[in-house]
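The values are calculated or read from the model by the stated rules, or taken from the named source; none is laboratory data. No experiment lies behind these values; they were computed from the predicted model shown. Neighbour counts are summed over all protein chains in view; Cβ atoms, including those assigned to glycine, are modelled from backbone coordinates with ideal geometry. Each accessible area value is taken on the protein alone, full model and side chains, heavy atoms only, with ligands, DNA and RNA left out. Shrake-Rupley method; radii C 1.70, N 1.55, O 1.52, S 1.80 Å.
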Amino acid sequence: MKLTVVGCSGSFPGPASPSSCYLYEAEGFRMLVDFGNGSLGALQRHVSPFEIDAICLSHLHADHCLDMCGYHVVRSYGPGAPFPKIPVYAPAMAPARLNAAYGMPQEPTMETAFDFTALSPGTFEIGPFQVTAALVNHPVETYGLRVAHGGRSVTYSADTGECDALVGLAGDTDLLLCEASFLDGPGNPPDLHLTGRQAAEHAAKAGAGRLVLTHLVPWHDDARVRADADRGGYSGEIELARSGAVYDLG
Ligand SMILES: [Zn+2]
Ligand SMILES: [Zn+2]
């Protein structure tokens, strides 16, 4: 399984990265997890947009799903279009929300290009991947996603505040891709996002093999986020996500 960080900017695109988007590849199958604003552009540095086989959306905040609108244009009007409907696993409100974001009339809808399946907690197959979804601690319906293949796994926190379910989902995972949106300190709102320290604490409790901090908000100094993580009691390798980074999990 190969993981490519397409976008890792938190809440909005930054100068060095679009919003959240991760490309998972195995056995020639390509799956996107999240499709935040700006990521459709950066995606094309890594793969043709016509060669995506499935999409998972952790939640329906704009920085995780908005480029589905541009991608509808790709699938509907690109050379050789229309392409077969692509499976999209997302919270149940996704078709209505994305139709509104695109400005679709009543008919046709986003469903001309996408075959939506409503996410719920549990384990299911997407192509060669075994995907486990668990609700995490964010103000809207949001799923952390563990993707496993060939005995290796990557667990993505999505957006979350402190969350026992994330620790369970990430148990003994090879790589925890964990959000770190806040700087450590007083006054952070609860049940919304994590700090680097809290991300490291979750990685330690889960026994994760490696921690990659993501959803990095452009107005913060990344070095502060990294320093916060060093205080989380996690003994494994910690690094900051960056757009274009590739992790080959064998
Ligand atoms: Zn977000
Ligand atoms: Zn969010």
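For R75, only one of the following conditions fails: (1) away from ligand 2 (no atom under 16 Å from the Cβ); (2) farther than 24 Å from P105 by Cα. What is its number?
Evaluating R75 over (1) away from ligand 2 (no atom under 16 Å from the Cβ); (2) farther than 24 Å from P105 by Cα leaves (2) as the failure.
Picking from V212, V147, V246, which residue would you name as being touching an Asp or Glu at 6+ places or on another chain (Cβ under 7 Å) and closer than 18 Å to L23 by Cβ?
Values: V147 fails: touching an Asp or Glu at 6+ places or on another chain (Cβ under 7 Å); V246 fails: touching an Asp or Glu at 6+ places or on another chain (Cβ under 7 Å).
None of the others qualify; the one that does is V212.
Could you check the range 93-190 for strands (runs of 3 or more DSSP E) lying wholly inside it with 1 or more residues that are surrounded by 13 or more Cβ atoms within 10 Å (Cβ to Cβ), within 16 Å of ligand 1 (Cβ to nearest atom) and touching a residue at least 40 places away in the same chain (Cβ under 8 Å)?
Details: elements: 114-118, 122-126, 129-135, 143-149, 152-156, 175-179.
Output list reads 143-149, 152-156, 175-179.
Are any residues in the range 206-250 outside any loop (DSSP other than H, G, I, E, B) and either of a type in the set (D, E) or on the phi > 0 side of the Ramachandran plot (or both), and if so, which ones? Steps first, please.
Just the residues of the range 206-250 that are outside any loop (DSSP other than H, G, I, E, B), to begin with: 206, 210-214, 216, 222-230, 237-240, 246-248.
Of everything in the range 206-250, those that are outside any loop (DSSP other than H, G, I, E, B) and either of a type in the set (D, E) or on the phi > 0 side of the Ramachandran plot (or both) turn out to be D222, D228, D230, E237, E239, D248.
Quick check, is E51 under 23 Å from A170 (Cβ atoms) and either acidic (D, E) or without any contact (Cβ under 8 Å) to a residue 40 or more places away in the chain (or both)?
Working: under 23 Å from A170 (Cβ atoms): no; either acidic (D, E) or without any contact (Cβ under 8 Å) to a residue 40 or more places away in the chain (or both): yes.
No; evaluated as a whole, the condition is false for this residue.
Among A94, A133, which is the only one that is within 15 Å of ligand 2 (Cβ to nearest atom), at pLDDT 95 or above and not aromatic (F, W, Y)? Give the derivation first.
On the way: A133 fails: within 15 Å of ligand 2 (Cβ to nearest atom).
Residue meeting the stated conditions: A94.
Anything in the range 191-205 that is open to solvent by less than 60 Å² (accessible area, probe 1.4 Å) and within 22 Å of V5 (Cα to Cα)? List them, or say none.
Pass one, the range 191-205, residues open to solvent by less than 60 Å² (accessible area, probe 1.4 Å): 192-196, 198-204.
Hits for the range 191-205 are H193, L194, T195, G196, Q198, A199, A200, H202, A203.
Residue by residue through the range 67-92, note down the ones that are surrounded by 16 or more Cβ atoms within 10 Å (Cβ to Cβ) and over 26 Å from E125 (Cα atoms).
G70
Would you check if A62 is at negative phi, open to solvent by 20 Å² or more (accessible area, probe 1.4 Å) and within 16 Å of ligand 1 (Cβ to nearest atom)? If you could, list the steps in order and put the result at the bottom.
On the way: at negative phi: yes; open to solvent by 20 Å² or more (accessible area, probe 1.4 Å): yes; within 16 Å of ligand 1 (Cβ to nearest atom): yes.
In short, yes.
If F12 satisfies every condition in (1) crowded, with 19+ Cβ neighbours inside 10 Å; (2) within 12 Å of ligand 1 (Cβ to nearest atom) but one, which is the exception?
(1)
Evaluate the range 67-78: report whether one residue or more is in contact with a Leu (Cβ under 8 Å, 6 or more places away or on another chain), closer than 25 Å to S153 by Cβ and away from ligand 1 (no atom under 16 Å from the Cβ).
no
Residue pairs, Cβ under 7 Å, 6 or more apart or interchain, first in the range 1-20 and touching a residue at least 40 places away in the same chain (Cβ under 8 Å), second aromatic (F, W, Y) and open to solvent by 20 Å² or more (accessible area, probe 1.4 Å). List them.
Sorted first by the residue in the range 1-20, then by its partner, the pairs are S19/F12.
Could you say whether any residue in the range 29-48 is more than 16 Å from ligand 1 (Cβ to nearest atom), under 15 Å from A113 (Cα atoms) and open to solvent by 10 Å² or more (accessible area, probe 1.4 Å)?
no
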